[in-house]
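Chemist: This structure is in structure tokens; I'll ask about it shortly.
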Protein chains: 2
Amino acid sequence: MTKGASARVVTLYDVATRAGVSPMTVSRVMAGGKNVRQEKVDRVLAAVTELGYRRNENARSIRPGQRTGLVGVVITNVANPYYAELQLGVEEVLGTERFRLLVGNSNEDLGKEQQLVADFIGRKVDGLIVVPATDASAGHLGPDAVGATPVVLASRSVGDLDLDTVLIDDVTGARDGTRHLIEQGHRRIAYLGSVASASTNRRRLDGYTRAHHDAGLDVDPALIRTGQQRPDQARQAMHELLQLPSPPTAVFSGNNRNTVGVIRALHEAGADAKIPSTQGKDAIPVVCFDNFELSDLMPIPLTIIQHDPRDLGRHAGRLLLDRLQGDTAPARRLQLPTRLLT
Amino acid sequence: MTKGASARVVTLYDVATRAGVSPMTVSRVMAGGKNVRQEKVDRVLAAVTELGYRRNENARSIRPGQRTGLVGVVITNVANPYYAELQLGVEEVLGTERFRLLVGNSNEDLGKEQQLVADFIGRKVDGLIVVPATDASAGHLGPDAVGATPVVLASRSVGDLDLDTVLIDDVTGARDGTRHLIEQGHRRIAYLGSVASASTNRRRLDGYTRAHHDAGLDVDPALIRTGQQRPDQARQAMHELLQLPSPPTAVFSGNNRNTVGVIRALHEAGADAKIPSTQGKDAIPVVCFDNFELSDLMPIPLTIIQHDPRDLGRHAGRLLLDRLQGDTAPARRLQLPTRLLT
DNA sequence: CTGTTAGCGCTTTCAA
DNA sequence: TTGAAAGCGCTAACAG
């Protein structure tokens with residue numbers, strides 16, 4: 001039996017002594033046992049279990065040319081199911097290749113993101129997958145900062161950086177969703193979105209605007225509210241929109257956080273009979289980006305711009321794997337499709 | 001300016017050469033600059049920025065007595081908001097102390113969990129926070145396997161292991177919730193839970209049973225369905241329960257995954273008019289463990305056994321921090337309160 | 001197939 | 001306050 005929580009941690013040398021071979025033989029066995037006589041392999045493996053030996057991955061990885069098997073994942077907030085799914089997708093692809101995930105939440109804070117990236121680089125991650133908090137001043141993701149470590153951007157892009165990127169096709173999604181409302185005859189469609197500097201928000205707002213232009217309509221800036229990061233902020237914003245002299249007759253919600261707030265506000269207003277109704281043909285229809293669990297049972301009519309965040313994570317993982325396998329092609333830019341769910 | 005994605009990675013020695021000091025002085029500066037003349041500190045710091053030097057944390061941590069600053073977090077599934085919140089709580093507490101999280105999802109699979117733990121140990125994490133997939137055969141968490149690495153169990157306990165543990169007060173929560181239904185006159189209350197071997201499920205089933213006994217009632221085994229891990233399985237189970245010759249008049253759902261399925265099944269049955277109604281005084285009331293976003297807007301009357309998974313994560317993080325600061329007191333066992341949300 | 005030597009990047013002595 | 005030497009646990013490169 002093993003010694004348990006005893007004195008010193010077992011090293012390669014302990015195993016070598018126990019098995020009566022050289023440290024190098026143990027090293028070879030641990031690396032896969034190629035070019036070692038079977039008898040010795042067995043002896044070493046026996047010693048390994050007896051002593052409870054575990055190779056020190058950190059010591060191994062300081063040798064030049066050796067990988068850490070670590071990938072840094074910087075997301076904004078796992079509590080948002082969108083990013084939780086993304087994380088899961090990344091793990092699904094990278095875990096199969098025996099990579100482990102170092103995960104950090106930036107909370108949409110550029111400073112925190114920079115810290116995380118710097119720290120991950122110091123830990124010699126083999127690659128990084130980042131959902132950038134903001135669009136600008138992303139020096140911390142440039143080659144000066146990360147060296148040769150491959151970086152994949154997920155969900156959002158960064159303006160001046162030529163990096164592998166996986167995005168949702170935000171523009172098309174938002175355009176389709178908005179057109180859907182316009183086709184129903186709506187002319188005053190509110191837009192609620194997250195931080196103005198996030199590329200997702202900009203792209204979705206772009207799609208919203210284009211759909212208007214496509215139909216020969218103008219956008220009323222009074223109906224556009226961005227910067228809501230939490231549902232309560234969106235709820236507040238939606239209430240304010242309803243107070244306008246000429247309130248919106250339909251709503252476009254730019255992400256799942258805003259959607260929650262919008263639903264609450266409309267539901268409350270409906271209960272107070274402040275607006276025509278939340279049901280029936282007078283209801284204010286809502287089109288929202290991101291699907292969510294039980295969305296179909298909401299008391300408000302929702303049209304969802306659906307997409308697959310887990311798949312986005314998988315794609316990001318795969319792009320990174322390609323780089324780790326030596327792919328030096330120019331940066332690739334993927335756009336994942338959306339689907340309108342009525 | 002720095003050289004960017006150039007040849008070799010900058011080391012301590014490069015900085016030393018550039019600053020005209022010994023490597024040791026650089027090391028001291030990087031460690032906080034105590035006992036180094038200010039002038040040299042400045043020279044070193046200048047060289048550091050010029051060269052873009054980052055200390056190699058892995059190399060540093062192989063020296064005996066040095067920490068890696070890494071904590072392994074093994075959860076079952078981040079896509080479940082319960083565990084996403086837990087992860088966030090852990091990061092909140094540990095991140096402040098400059099620890100980083102190595103996160104892995106076991107997907108309720110003991111083998112995967114063992115792999116992750118073994119791997120994390122090999123990476124010399126300073127501690128582990130684990131949501132154990134199952135209750136039994138947890139040798140991989142015992143001292144023989146993890147050595148002196150402190151382990152904190154979160155959300156679920158493991159029978160024979162005397163480890164720091166943070167749990168929800170499942171028994172009381174389930175008991176209160178079930179009593180609530182009994183007090184409304186219900187005598188046939190269905191129970192839907194996750195894997196039978198998970199301690200949470202066992203404790204919640206225990207609370208359910210106790211509430212019955214408290215009221216002098218017997219539990220009908222035909223109304224108890226465990227093993228549903230996904231909403232569709234729970235939905236199926238709920239539909240089957242409704243087909244019973246003597247179907248339940250109320251439902252206890254043991255976690256948020258089952259709740260989703262229960263809601264769907266009841267909603268469908270209500271729409272088909274297979275059951276009296278989903279609304280009004282004939283409705284089948286549902287009590288469910290775990291709150292979720294927009295639960296109050298569901299088309300089914302829900303009573304929620306609420307608790308705070310993020311706080312659970314925080315507590316787990318704090319217990320671990322205590323151990324990392326040398327606390328050798330006997331294992332502590334925390335139980336976090338629940339609140340019935342009607 | 002196996003072992004020896006050297007050294008990865010860093011920090012703990014210990015001496016100056 | 002500073003530096004030189006030694007070595008953490010591991011593996012590439014080279015013998016044998």
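Chemist: Taking the 0 to 90 degree range and rounding to the nearest ten, how far is the long axis of helix B:309-324 tilted relative to the main principal axis of chain B, both from C-alpha atoms?
Modeler: Long axis of B:309-324 versus the principal axis of chain B: about 40 degrees.
Chemist: Taking R0 as 30 Å, what's the FRET efficiency between B:R37 and B:T96 from their Cβ-Cβ distance, rounded to 0.05?
Modeler: My answer for the efficiency is 0.40.
Chemist: Something else now. May I ask you to list the aspartates and glutamates whose Cα is less than 16 Å away from that of A:K124, ignoring any residue fewer than eight positions away on the same chain?
Modeler: Once the sequence-local aspartates and glutamates are set aside, what remains near A:K124 is A:E57, A:D144, B:E57.
Chemist: If you put a point 7 Å past Cα along the Cβ direction, how far is that point for B:R187 from the same point in each other copy, in nm, smallest first?
Modeler: When each copy's label point is compared with this one, the spacings are 6.4 nm.
Chemist: Right, something else. To the nearest 0.05, what FRET efficiency results for A:A118 and B:S246 with a Förster distance of 56 Å applied to their C-beta separation?
Modeler: Working: r = 64 Å, r/R0 = 1.14.
After rounding, the FRET efficiency stands at 0.30.
Chemist: Now a separate question. So if each residue of separation counts as 0.36 nm, and I subtract the Cα-Cα distance between A:R63 and A:A46, what length gain in nm does that give? It would help to have the intermediate numbers written out before the result.
Modeler: Numbers: separation 17, 0.36 × 17 = 6.12 nm, distance 2.68 nm.
Using 0.36 nm per residue and subtracting the Cα-Cα distance, I get 3.4 nm.
Chemist: What does DSSP give for the protein assembly as shown in terms of the percent of beta bridges that are antiparallel, rounded to the nearest 5?
Modeler: Roughly 10 percent of the DSSP beta bridges within the protein assembly as shown come out antiparallel.
Chemist: Partner chain Cβ atoms within 10 Å, averaged over the residues of B:95-106 - can you pull that number for me?
Modeler: Mean partner shielding for this stretch: 4.
Chemist: Something else: If a/c stays under 1.5 just call it rounded; otherwise compare a/b with b/c (prolate if a/b is bigger, oblate if not). Do that for the range A:1-55, with a ≥ b ≥ c from the square roots of the Cα gyration tensor eigenvalues.
Modeler: Details: a/c = 2.20, a/b = 1.95, b/c = 1.13.
Prolate.
Chemist: Taking every residue in A:291-299, how many Cβ atoms of other protein chains lie within 10 Å of its Cβ, on average?
Modeler: Taking the mean over all residues of the peptide, I get 5.
Chemist: Using only atoms on other chains, find how many Cβ atoms lie within 10 Å of each Cβ of peptide B:55-66 and report the average.
Modeler: On the way: counts 2, 7, 8, 13, 5, 3, 5, 6, 0, 2, 0, 1.
Partner-chain Cβ atoms within 10 Å, mean over residues of B:55-66: 4.
Chemist: Anyone know which of A:K112, A:K34, A:K124 comes out most mobile in the 10 Å Cα GNM of chain A?
Modeler: Result for chain A, Cα springs under 10 Å: A:K34 fluctuates most.
Chemist: Using the alpha-carbon atoms, what tilt in degrees (0 to 90, nearest 10) does helix A:38-51 show relative to the longest principal axis of chain A?
Modeler: In chain A, helix A:38-51 runs at an angle near 70 degrees to the longest axis.
Chemist: Where a ≥ b ≥ c are the square roots of the eigenvalues of the C-alpha gyration tensor, would you call the range B:68-123 rounded, which needs a/c under 1.5, or, failing that, prolate if a/b is larger than b/c, or oblate?
Modeler: Since a/c reaches 1.5 but b/c is at least a/b, the shape of the range B:68-123 is classed as oblate.
Chemist: Quick one: among B:G193, B:G95, B:G185, which has the greatest mean-square fluctuation in a GNM of chain B with alpha-carbon springs under 10 angstrom?
Modeler: Judging by the Gaussian network model, the answer is B:G185.
Chemist: Moving on to the next point. Where does helix B:170-183 land angle-wise versus the long Cα axis of chain B, in degrees 0 to 90, nearest 10?
Modeler: 20 degrees
Chemist: What does the copy distance list look like for A:P299, label position 7 Å along Cα→Cβ, in nm and ordered from shortest?
Modeler: Label point to label point, same position, other copies: 1.3 nm.
Chemist: Shifting gears a bit: Using label points projected 7 Å from each Cα along Cα→Cβ, tell me how many nm separate B:D218 and B:L340, to one decimal.
Modeler: 2.5 nm
Chemist: I've got another one for you. Please figure out what share of the DSSP beta bridges in the range A:170-306 is antiparallel and state it in percent, rounded to the nearest 5.
Modeler: 0 percent
Chemist: Moving on. Mind checking the log10 I(q)/I(0) for the protein assembly as shown at q = 0.06 Å⁻¹? Debye, one equal scatterer per Cα, no solvent, two decimals.
Modeler: Once normalised to I(0) and log-transformed, intensities are -0.41.
Chemist: Moving to a separate point now. Which distances in nm, rounded to one decimal and ordered from shortest, link the label point of B:R37 to the equivalent label points in the other identical copies, with labels set 7 Å from Cα toward Cβ?
Modeler: 6.1
Chemist: Rounded to the nearest whole Å³, what is the per residue volume of the convex hull around the Cα atoms of chain A?
Modeler: Working: hull volume 60.1 nm³, N = 342.
In chain A, the Cα hull volume divided by residue count equals 176 Å³.
Chemist: Out of the DSSP beta bridges found with both residues in the range B:61-145, what percent are antiparallel (nearest 5)?
Modeler: Approximately 0 percent, going by the DSSP bridge assignments.
Chemist: With N residues in the range A:170-306, what two-decimal value do you get for its Cα radius of gyration over 2.2 N^0.38 Å? Each step should come with its number before you reach the end.
Modeler: Values: Rg = 13.3 Å, N = 137, 2.2 N^0.38 = 14.3 Å.
It is 0.93.
Chemist: Put a dot 7 Å past each Cα toward the Cβ at B:D296 and B:R332; how far apart are the dots in nm?
Modeler: It works out to 3.3 nm between the two label points.
Chemist: Roughly how far apart, in whole Å, are the Cα centres of the range A:216-238 and the range B:313-338?
Modeler: 43 Å
Chemist: Take chain B, connect every pair of alpha-carbon atoms lying under 10 Å apart with a spring to form a Gaussian network, then pick out the residue of B:E240, B:E293, B:E97 with the largest mean-square fluctuation.
Modeler: B:E293
A short reminder: the numbers here are calculations on the coordinates, not readings from a lab. Computed from a prediction, not measured in an experiment: that's the story for all the values here. With ideal geometry, Cβ positions are generated from the backbone for all residues, glycine too; neighbour counts draw on all protein chains shown.
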